[in-house]
Amino acid sequence: MTAPAVAVVGPTASGKSSVAMAIAATEAGVELVSIDSMQVYRGMDIGTAKPSADDRAAVAHHLIDLIDPTDEFAVAEFQRAYRAVIADIGDRGARAVLVGGTGLYHRAVIDDLELPGEWPAIRTRLMTEAHDSGLRALHARLTEVDPVAAAKMEPTNERRVVRALEVCEGSGRRFSSYGPGLEAYPPSRVAQIGVRWDRTVQAARIEQRVHDMIASGLLDEVRRLLDVGLSRTAAQALGYRELIAHLDGECSFDEAVERTVTRTRQFAVRQLRWFGRDPRVRWVDVEHDPVAEAAPLVREALHHA
RNA sequence: GGCGACGUGGCCGAGUGGCUAAGGCAACGGCCUGCAAAGCCGUGAACGCGGGUUCGAUUCCCGCCGUCGCCU
């Protein structure tokens, strides 16, 4: 049985995790579910700001440490794992607080998106075609096969064009037939509370956070991971990608750190836009203390869930 | 003090005696159904200052200021 759930969303370093922890500490029968594409990797702890051992001992945390850093992972697997976890929590008679930072994963679970499926062979073929005869040609083909999908994407966005064609060819169904996409915001049983700060403050918080991660030994963590190897997805995580580049001799340490700060800041803006578009999110513009300012709203939503 | 080089948008960095002065980064705005901490699209903004040569100067000459290097 699906557990009642409430979601705390927002950009990195907004304090959403601390809000969730505060809820779990004061409400009985609450378990936390991380909606984060990078915390699923074991061993990637510091850079992904995983909850501490103490926090995890105090409150049940889910969808963290699901796989090895060498493994590939994507939304569909995450959605599958989520369904299992949310059912378990429900069976226990508990409630879930989702802590969401990865927009796509979050939508996939709260709106229960129907994800098309995967046809790697077709995809590979399409990619070589894109490089040989040009992306333009592929987009033109998509326009014939699925004009609705084609109209919705930039003809220059290889990933999207290829994926849409992959699904059309592989499934025999139009890509656009899998649902309205992400521009529709149907009523959801999961209430969403957004936590955000003024842009300037957010930037400062991020810079501080990155420096804290470095001080906590992020470089050593990356070295250790490099010995085992990182999957394509894991290797592009913020902080990891930059530090790997540094260890490969591509840039100085300071440059890597600076680059991490910048990229994280940009990521936070993208998160803000992603969640900001969702009219269902109730926002808390934090002035000083995310817990004091946002927790009451989350608590209230949880009582209605 | 002398000699030399340089001074282009927030930063880096091309370039030309005369079309609307590249590009990259950042910033800002927007997008996203299997790499999503990824990827894609769009936008604004500049020739150090003062003279001169010229039909016309960012480009050539002089001076000033500034930066860097070398020399005494």
Tell me, which residue of the stretch A:19-29 that is not in a helix (DSSP H, G or I) and not acidic (Asp, Glu) is surrounded by the fewest Cβ atoms within 10 Å (Cβ to Cβ)? A:28
Which residues, counting only those in the stretch A:186-239, are closer than 22 Å to residue A:7 by Cβ, basic (Lys, Arg) and out of contact with any strand residue (DSSP E or B) (no Cβ under 7 Å at 6 or more places or on another chain)? A:189, A:205, A:209
Can you tell me which residue among A:208, A:202 is within 14 Å of RNA strand B (Cβ to nearest atom), under 26 Å from residue A:45 (Cα atoms), at pLDDT 95 or above and of a type in the set (S, T, N, Q)? A:202
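Is there a residue being more than 12 Å from RNA strand B (Cβ to nearest atom) and out of contact with any strand residue (DSSP E or B) (no Cβ under 9 Å at 6 or more places or on another chain) anywhere in the stretch A:29-36? Explain how you work it out, then say what you get.
Filtering the stretch A:29-36 for residues more than 12 Å from RNA strand B (Cβ to nearest atom) gives A:29-33.
With the extra rule that they be out of contact with any strand residue (DSSP E or B) (no Cβ under 9 Å at 6 or more places or on another chain), the set shrinks to none.
The answer is no, given that none of the residues of the stretch A:29-36 is more than 12 Å from RNA strand B (Cβ to nearest atom) and out of contact with any strand residue (DSSP E or B) (no Cβ under 9 Å at 6 or more places or on another chain).
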Identify, please: which residue in the stretch A:30-76 is part of a helix (DSSP H, G or I) and more than 13 Å from the chain's Cα centre (by Cα) and is, among those, surrounded by the most Cβ atoms within 10 Å (Cβ to Cβ)? A:55
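Find the residue count for the stretch A:146-170, including only residues that are in contact (Cβ under 8 Å) with a residue 24 or more places away in the chain and crowded, with 16+ Cβ neighbours inside 10 Å. Outline the logic, then answer.
Taking the stretch A:146-170 as the starting set, the residues that turn out to be in contact (Cβ under 8 Å) with a residue 24 or more places away in the chain are A:146, A:148-149, A:152, A:158, A:161-163, A:165-170.
Pick out the ones that are also crowded, with 16+ Cβ neighbours inside 10 Å and you get A:146, A:149, A:158, A:161-163, A:165-170.
The number of residues fulfilling the criteria is 12.
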Can you name every residue in the stretch A:202-220 that is without any contact (Cβ under 8 Å) to a residue 60 or more places away in the chain and under 21 Å from the mean Cα position of the chain (by Cα)? A:207, A:210
Residue ID - nearest to RNA strand B (Cβ to nearest atom), chosen from residues in the stretch A:221-244 that are within 17 Å of the chain's Cα centre (by Cα) and without any contact (Cβ under 8 Å) to a residue 60 or more places away in the chain: A:236
Residues (among the hydrophobic types (A, V, I, L, M, F, W, C) and touching a His at 6+ places or on another chain (Cβ under 9 Å)) located in the stretch A:50-98: A:81, A:85, A:86, A:89, A:96, A:98
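Looking only at residues that are in contact with a Pro (Cβ under 6 Å, 6 or more places away or on another chain) and among the aliphatic types (A, V, I, L, M) in the stretch A:270-305, which one is surrounded by the fewest Cβ atoms within 10 Å (Cβ to Cβ)?
Kept after step one, since they are in contact with a Pro (Cβ under 6 Å, 6 or more places away or on another chain), are these residues of the stretch A:270-305: A:271-272, A:305.
Pick out the ones that are also among the aliphatic types (A, V, I, L, M) and you get A:272, A:305.
Values: A:272: 18, A:305: 15.
The residue in question is A:305.
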Go through A:43, A:90, A:47, A:101 for me and flag whichever is more than 25 Å from residue A:11 (Cβ to Cβ) and either touching a residue at least 12 places away in the same chain (Cβ under 8 Å) or among the aliphatic types (A, V, I, L, M) (or both). A:90
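Here is a list: A:108, A:149, A:130. Which entry is more than 16 Å from residue A:169 (Cβ to Cβ), within 12 Å of RNA strand B (Cβ to nearest atom) and assigned to a helix (DSSP H, G or I)? Steps first, please.
Numbers: A:149 fails: more than 16 Å from residue A:169 (Cβ to Cβ); A:130 fails: more than 16 Å from residue A:169 (Cβ to Cβ).
Selected residue: A:108, the only one of A:108, A:149, A:130 that is more than 16 Å from residue A:169 (Cβ to Cβ), within 12 Å of RNA strand B (Cβ to nearest atom) and assigned to a helix (DSSP H, G or I).
Of the residues that make up the stretch A:152-161, is at least one more than 30 Å from residue A:275 (Cα to Cα) and at pLDDT 95 or above?
Of all residues in the stretch A:152-161, those more than 30 Å from residue A:275 (Cα to Cα) come to none.
No: zero hits.
The values are calculated or read from the model by the stated rules, or taken from the named source; none is laboratory data. Just so it is clear, the structure is predicted and the values come from calculations on it, not from any experiment. Ideal geometry is used to build each Cβ from the backbone, glycine not excepted, and the neighbour counts take in all protein chains shown.
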